[in-house]
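Enquirer: This is the structure I want to talk about, given as structure tokens.
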Amino acid sequence: SKESLVGVPRSMISRHGAVSAEVAEAMVAGVLERTDARAAVSVTGIAGPGGGSDEKPVGTVYIAWQFPGVETMSERFHFHGDRDEVRRQSVATALSELVRLIQVASA
């Protein structure tokens, strides 16, 4: 879906991995290019229970934010807990930071 829905190049996923800042930023850019949205957030990560590695253990999440007039931002997080808890923390962080960034940009 990263490729088909938001246009992340397969070569980027191969080069950086599906869980990376580069892919998160490409995802958020793809959302804005394909929709009438004025702001977007993307999340890519390893929620578990498997799939982690030494470099990217379970709980590794990259979140990116973008909206007009503001440079794309991304950040790496490491959340703890089971799959559902990692997903909850990812969504809460993504949305709360999006709201904060919009408020700052609007001030």
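Enquirer: With the Cα gyration tensor of the chain in hand, give its eigenvalues times 5 under a square root as the equivalent ellipsoid semi-axes, listed largest first in whole angstrom.
Expert: That gives 23, 18, 11 Å for the three semi-axes.
Enquirer: Please state the relative contact order of the chain as a whole percent: Cα pairs under 8 Å, 6+ residues apart?
Expert: Relative contact order comes out at 21 percent.
Enquirer: Of the peptides 55-64, 23-32, 68-77, how do they stack up when ordered by the mean number of other Cβ atoms within 10 Å, highest first?
Expert: Packing proxy ranking, top to bottom: 23-32, 55-64, 68-77.
Enquirer: Could you provide, to the nearest whole Å², the per residue accessible area of the chain with probe 1.4 Å?
Expert: 59
Enquirer: Quick check: the angle from helix 83-106's long axis to the longest principal axis of the chain, C-alpha only, nearest 10 degrees?
Expert: Helix 83-106 sits at roughly 20 degrees to that axis.
Enquirer: A follow-up question, please. Once you charge only the Cβ atoms, +1 for Lys and Arg and -1 for Asp and Glu, what is the size of the charge dipole of the chain about its Cα centre, to the nearest 20 debye?
Expert: Numbers: 11 positive and 13 negative charges, 29 e Å.
For this selection, approximately 140 debye.
Enquirer: Out of the total accessible area of the chain (probe 1.4 Å, heavy atoms of protein only), what percent is carbon and sulfur?
Expert: Using a 1.4 Å probe with all protein chains present, the chain comes out at 51 percent carbon and sulfur.
Enquirer: Using Cα atoms only, what is the angle between the long axis of helix 21-34 and the major principal axis of the chain, expressed in degrees (0 to 90) to the nearest 10?
Expert: On a 0 to 90 degree scale, this one is about 40.
The values are calculated or read from the model by the stated rules, or taken from the named source; none is laboratory data. Remember, it's a predicted structure, so these values are computed and weren't measured experimentally. Note that we place each Cβ from the backbone using ideal geometry, even for glycine, and neighbour counts take in every protein chain shown. Quick note on the areas: whole protein, heavy atoms, side chains included, nothing else; ligands and nucleic acids left out. Shrake-Rupley method; radii C 1.70, N 1.55, O 1.52, S 1.80 Å.
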